[in-house]
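Trainee: Dumping the structure here so I can ask a few things about it.
What follows draws every value from the coordinates through simple rules; no lab data is involved. These numbers come from a predicted model, not from an experiment. We place every Cβ from the backbone using ideal geometry, glycine too, and count neighbours over all the protein chains shown.
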Amino acid sequence: MTEPSEQEHHLIDPAELTADFETFFRDHEKEFLKSAASRVRNAHDAEEVVLIAGVRIYRKWPRIRAHANPVAYAHQILNWEIATFFRKQARIADRETSYGELPFADVPTGDDLLALGEHEELDLALERLEARAPVRAACIRLRFLCGLTNHEVGERLEISPDCVKVHVCRGLKDLQSLMDLPTRGKGDS
């Protein structure tokens, strides 16, 4: 029997990606990452979700390329993968021991909790908005968290830029009321 160091290992060659898929994914990868990060709130998890979505996009590439709006179709796949990520996290949470329950674990400090709490109110408000008005929430996320223009958001969601403006305006008002922020009156700036 040969030793493991003497065994010959054959590496599998990476799949050849079509040039149009590579260009498409490279052009939109940062946008996909921003969109995923705004939902999962962790850069590593966002990268994982985008890579899994990229595999699904590649498998469906001929269908996506033939679609009237390939970017919107890719965003639908990304959103599906984000939902799958959260379902997987919920299943894992049922089987895992909490960090604080481990006998050797350090208890988080107040500073750790404050750092996490900075985004909690906005996250909760966006979740409630998404439950009530998913298109408005998507417009807010793409416009402000991903930094896309109204035209680009409209392309992703397959709505007009003017419709995006209306959804963003109403969505911001909804978020303001959901977060119990004071409304600005005339003369306030």
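Trainee: Which FRET efficiency value, to the nearest 0.05, do you get for residue 145 and residue 80 by plugging their Cβ-Cβ distance into 1/(1 + (r/R0)^6) with R0 = 25 Å?
Mentor: After rounding, the FRET efficiency stands at 0.85.
Trainee: Take the residue pairs 30/173; 88/165; 88/173; 30/60 and return only those whose Cα atoms are more than 24 Å apart.
Mentor: 30/173; 88/165; 88/173
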